[in-house]
Amino acid sequence: MKGKTGMYSLIASIVSSIVIVVLFLALALLKNSGRAIPLYTDVDIMAGMIFVFILSMIVSASIWPGIIEKRLK
Amino acid sequence: MGSDTIMKETIGIFGMTCMHCHKRVKDAISKVNGVKSVDVSLANNSATVEFDEGVTNLNAINKAVTDAGYEVGDRKITLSGSQEKPTDKSCPVVIEEDKETVEKPVEHDKSGASTTITLKISGMTCAACAANIEKVTRKLKGVISSTVNVSIEKASITYDPSRVSQKDIENAIKSIGYGIVKDKISFDVGGMTCAACAQNIEKVLKKLTGVESVAVNFSLAKAHVEYDSSLVSAADMISAIEGIGYTASRKVDKKESEDRERKAREDEIKKQRTNLIIAVGLGIPIALGDMANMFSNFLWFVPSFLADNRVLFVLTTIVMLFPGRQFFVGTYKGLKHGVTDMNLLIATGTGAAYVVSVAATFLDLGPGYMHTYYDTAALLITFIVLGRYLEATTKGKTSEAIRKLIGLQAKTARIIVEGVEKDVPVEDVKVDDIVVMRPGEKLPVDGVVSEGVSAVDEAMITGESIPVEKNPGDTVIGSTINKSGSFKFKATKVGSDTALARIIELVENAQTSKAPIQKIADVVAGHFILAVHVIALLAFFFWFFIGFEMFGVAGSAAFAGVSPFLFSLLISITVLVISCPCAVGLATPAATMVGTGKGAENGILIKGGEPLEMAHKLNTIVFDKTGTLTRGEPVLTDVKSSASHTEEEVLRMAAIAEKGSEHPLGEAIVKGAASRNINVPDAESFKAIAGHGVEAGFGGKRILLGTRKLMADNGIDVTHLNASMEKMENDGKTAMLIGLDKEAIGIVAVADTLKENSKEAVDRLHKMGIEVVMITGDNARTASAIAKQVGIDRVLAEVLPQDKASEIKKLQAEGKIVAMVGDGINDAPALTQSDVGIAMGAGTDVAMESAGIVLIKNDLLDVVASIRLSKLTMSKIKQNLFWAFGYNTIGIPLAAGILYPFYHTIIITPAVAAAFMAMSSISVTTNSLLLKRSRIK
């Protein structure tokens, strides 16, 4: 039970963090696409994706275990 | 009615002082229809009554006694035609016979889901107590069986959990004045760095089956757990704590534990001091070097090599590896076990600043990435380490009260072993050992004086500044100081049973318990770190996608050329490091610890956060009369002489007549004469006249002392004294006429008198806007007289002991928040029923167990002091919460750049945010410590 919760939580956290990172990337590309001089450099976007992924992982890793534990019960 | 309905009861009767009282009680009971026989015992303060249950009941008998002007105590035992002897002790409360309930057939568990629990019960004194508990639990719907064993003090109860909960059963038992003894254990917990750690430990322990309540105190580094030892062991709990990255060990000897704690505290201070020296030593050159890159004109004195990013990288790496390591290690340990704490916020903030700077130093990141943030990372760590250092030094001060109490304990004792005096460690003293005391020595344990006379300074325990005289038979308390003479005493309580050890335990438990107001703080602190990360993420998104362009950050003077990522990152880091769950988490426990500690120093033991919080809301205080407002023993109050005699002569005659008497009334008269330096010779003859008084012979004359009837029977006219006698009786006093031969020469009156500070305490409570009520079993006339003297305007008279709790309930139903002040075993249910039970120090153990506040001294002014202490502590808690919440509520939006659109710069940099964060928890602790300076008396 405990092992399952941990594994499901990790998977859920990674998936939700990736979703947020993809959202970040999509928004950044969308903003850059309509401009002659892009607002964001590649470094901005890459570094931003890493930072967003870390923060999203911290947030989702705190939220998912509780939800999954309830569902498994 | 047949003989099978004849009941035999022994009831306690209080207020009887002479044979006159004896007769009044006997007559009153005999007159009740259905009573077969009465045997009143003056010596035992009891009456054994045989009555026909089909005709009358115990209530009618009790009423007859109270109508006669006496107080009914507890029923000692209920017998039904058996010859069983009544026990010496009485029960805290009596449950009315309920045949229906007693004979209730055992319910069969249809669902098969019954549960059996074994509860350890305190406060039982006899078989009737066990029967009471069985009855009250069997009354609960869902209880299948209930068996109570008085000798092992345990109740085994089988119940259906779907219909009744364990809590309901426990509450039912507590409601009739008994206590539930839980398995309790304390752990010393290591590795906690903030209030969130305490929450993590509480969460993991609460998940274990069998753990009923957990209180973890971050400041004391202790965890107190109430648990069921049949379901969970101490080892399970230790592994659970260690499983999330903390250390835990069982508390051992208090002294040893205290030494260990002190060492741990000193180690922590030393560690943080070293960290601080490194962080400051490197942080200043890093900050200067980094800033020299931007403001070279202003910082011309900074050596150029310091502005080199590679040098800054080396210096910052040292800061990250040594003073900063603790945050990353803490974060790793927490994340490994799925818990988050303060370290995560700091690690995320400093880590991000460091990584970006390293990347900018060694990689070509393009435009906008020329600047590095080594100073941000280094100064963040410096300020937070400074905060931890200051916190470590102030944290110990909040628990000073416990250390002071432990410091009072004597280390050695001189006992008599095989006729020889021998010095032994205090731990080796056993019950019944004879301890020898010399002037100036500290008493090692509690006991009873067996030989010698001395004065003992008990100030450290009772707060009484004048040394108390001790004679053979008097009790002495361990840790007090023998002032003048040498004496020997027999040890009665040693080790953890001594008064001081119990006080220490009580204070320690109180400091670990949580006030209801803390629940709000706990909820906030529990979700704080998550919320801060969400805010940091949202702030990053906002500034990256909207704010950076909308507010022209790239074109501003302060951030010209900065990249959108770096600016958003800076904002995000500031949000992370300014947030301080510590201040929120510390707000309540820091003030509770100082408040309960201050109470203990003043002889007021507050048994937890709940009574501490509730006491400041009180608007009604109910005082038990006998022994609480009054001294509980009669004293001579009035002497009235007829025209032809002096008062001295009247009192002398009365004292001569009573000298041979052992009645409390007689003793009061003899003591009264002695206090007025009247010589009282022995009477030549003495005779007690049952129910009327006494007759004595002296100097060839006959002295009569007693009632009007005694005088009338002897042909003595008392008309001239009638008015005075009636007045005394109206004042609630027991007045006695004195006849000398055929002449009534005067009156002496005896009464239970008010304690020294009763009136002042009542006056002060009135000034605080609190309604004061007196509750007593006395008749209305006596009760009103006492109430008038003390200034109480509401009296609940003729209340049977078992009805005291329901009277409190009635007051509560009027919407009042009620405290009950009492000392007797029969006050226990009322103390439990009230919102705050206050037990007087000389009271019984049961009363003290039932109360939320225990006053060690018998001083009613301490009731006022405890309310004042509660008000002061609550005010500190509110101030702390205001600061903690206010700080975060203002700090976080500022850090998120809410003012950037108006000022075009960041108001708070990450380093300043770290300094604010460090200061917030220190300000909460320091504000709590200010409580120590407040006066509560």
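Quick rundown of the values:
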quantity	calculated
Cross-link pairs B:Lys167/B:Lys336; B:Lys174/B:Lys404; B:Lys625/B:Lys671; B:Lys135/B:Lys206; B:Lys182/B:Lys519 - those with Cα-Cα distance over 26 Å	B:Lys167/B:Lys336; B:Lys174/B:Lys404; B:Lys135/B:Lys206
Top positive-direction residue, dipole computed over chain B with Cβ charges, set B:Met820, B:Thr247, B:Gly608	B:Thr247
Amide H within-cut-off set for B:Lys36, under 5 Å, with H built and near neighbours excluded	B:Glu50, B:Phe51, B:Asp52
Rounded to the nearest 20 debye, dipole of the protein assembly as shown from Cβ charges on Lys, Arg, Asp, Glu	2400
Helix-only [θ]222 nm of chain B, DSSP H runs n ≥ 4, -39500 (n - 2.57) each, per residue, nearest 500	-14000 deg cm²/dmol
Per-residue HN-Hα couplings for the range B:139-146 [Karplus 6.51, -1.76, 1.60; θ = phi - 60°; Hz; x = Gly/Pro]	5, 6, 5, x, 7, 8, 8, 9
Averaged over A:35-45, number of beta-carbon atoms from partner chains that fall within 10 Å	5
Nearest-ten-degree value, helix B:499-512 long axis tilted from longest Cα axis of chain B	40
Chain B: angle of helix B:758-767 to the longest principal axis, Cα-based, in degrees nearest 10	50
Dipole of chain B, positive direction: furthest Cα of B:Asn509, B:Ile201, B:Leu344, with charges on the beta-carbon	B:Leu344
Charge dipole magnitude, Cβ of K and R +1, D and E -1 - the range B:514-636, Cα centre, debye nearest 20	260
Gyration tensor verdict on chain B (Cα atoms; rounded if a/c is under 1.5, prolate if a/b is larger than b/c, oblate otherwise)	prolate
Cα-Cα over 20 Å, subset of A:Lys4/B:Lys207; B:Lys63/B:Lys816; B:Lys442/B:Lys470	B:Lys63/B:Lys816
Antiparallel bridge percentage (DSSP; both residues within the protein assembly as shown; nearest 5)	85
Average beta-carbon neighbours from other chains, 10 Å sphere, peptide A:49-60	6
Degrees separating the helix B:342-362 axis from the principal Cα axis of chain B, which is the longest one	10
Derived scalar couplings ³J(HN,Hα) [the range B:616-632; Karplus, 6.51 cos²θ - 1.76 cosθ + 1.60; whole Hz; x for Gly, Pro]	7, 8, 4, 10, 9, 10, 9, 9, 6, 7, 5, x, 10, 7, 10, 6, x
Long-range amide H partners of B:Phe686 with built H, under 5 Å	B:Gly697
Amide H contacts of B:Val635 (H built 1.01 Å from N, under 5 Å, at least 5 apart or other chain)	B:Ala751, B:Asp752, B:Thr753
Lys/Arg +1, Asp/Glu -1 at C-beta; chain B dipole; positive extreme among B:Gln272, B:Trp300, B:Val670	B:Trp300
Partner chain coverage, peptide B:347-360 - average Cβ within 10 angstrom	1
Sum of -39500 (n - 2.57) over DSSP H runs of 4+, divided by residues of chain A (222 nm, nearest 500)	-31500 deg cm²/dmol
Computed lengthening from B:Ser685 to B:Asn509, 0.36 nm per intervening residue step minus Cα-Cα distance	57.3 nm
For the range B:270-393: rounded, prolate or oblate by the Cα gyration tensor [a/c cutoff 1.5]	oblate
Tensor-based shape of the range A:2-72 (alpha-carbon gyration tensor, a/c under 1.5 rounded, otherwise prolate or oblate)	prolate
Cβ charges +1 (Lys, Arg) and -1 (Asp, Glu), total dipole of the range B:403-560, debye	240
Inter-centroid distance (Cα atoms) of the range B:362-424 relative to the range B:185-224, Å	18
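Each reported figure results from applying straightforward, stated rules to the coordinates on display, with no laboratory input. Worth saying up front: this structure is predicted, and the values here are computed from it rather than measured. Here the Cβ is made from the backbone with ideal geometry for all residues, glycine too, and neighbour counts use every protein chain on show.
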